[in-house]
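All of the numbers you see were taken from the coordinates with simple rules; none came from a lab. Everything numeric in this text was worked out from a predicted model, so none of it was measured. Counting neighbours? That spans all protein chains shown, and the Cβs are built from the backbone with ideal geometry, glycine included.
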Amino acid sequence: MSEPSTSSSDPGQIPPGVMEALMRPSKNRPASRTLASFAGGVADVSTPESGSELLLNRYDLLCPRPECGSIILRTGVAKLVEKPSFQMEPTDRTPALLPPLPEPPALTAWWLVAPSPMEFENIGFSKPLSGDVGTPMKLLICAECDLGPVGWSAVGGTEFWLACSRVGYRA
């Protein structure tokens, strides 16, 4: 009986150093800024759409986790909308890296992404949940590190809402 081969030509053997390289964080992650770091708030992170009164995202939207920085959405894809806040999680369970949203019905700034989730570069969805408006919804999270919720959408809907204060900006 022969012993198993440890040569790198063995298709079942992972070459030395490959797993370590895959586990190492990327050094080319884009640096992000929080909405709070902009003196003008949403005015500093939005830009008018050509020939329209609509405001679009001026910068790439990123995962706000400094170790991640995954690109969630490219520049110019989302429309800025001010609408009532939406309670995405219990008030006592907001993740430490994400600022709490104002209590509904207070107005807050949202990035509206439509008509398809294919507009995103990198986004994940939770299982369907019952929302505070009685409509089943899914929460939006960073698809790379699972930080969230950064937004929400109605189940089967064509509008996807990112909280402006819960994403990073590549400025």
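In this label model, Ser116 and Gln13 are separated by 4.6 nm, measuring between points 7 Å along each Cα→Cβ vector. Quick check on segment 91-171: take the gyration tensor over C-alpha atoms, sort the square-rooted eigenvalues as a ≥ b ≥ c, and tell me if it's rounded (a/c under 1.5), prolate or oblate. Note, shape of segment 91-171 comes out rounded.
Think of each Lys and Arg Cβ as +1 and each Asp and Glu Cβ as -1; about the Cα centre, that makes the dipole of segment 28-170 roughly 220 debye. Relative contact order of the chain, taken over Cα pairs closer than 8 Å and 6 or more residues apart, is 23 percent. For the chain, Cys164 stand unpaired, since no other cysteine beta carbon lies under 4.7 Å from theirs.
Which of the three applies to the chain, rounded, prolate or oblate, going by the alpha-carbon gyration tensor with a ≥ b ≥ c and a/c under 1.5 meaning rounded? Verdict is prolate for the chain.
How much net charge surrounds Ala114 when only other residues with a Cβ under 12 Å from its Cβ are counted (Lys, Arg +1; Asp, Glu -1)? Net charge in that neighbourhood comes out at -1.
For the pair Thr47 and Ser126 in one chain, pulling the backbone fully straight at 0.36 nm per residue adds 25.4 nm over the alpha carbon distance.
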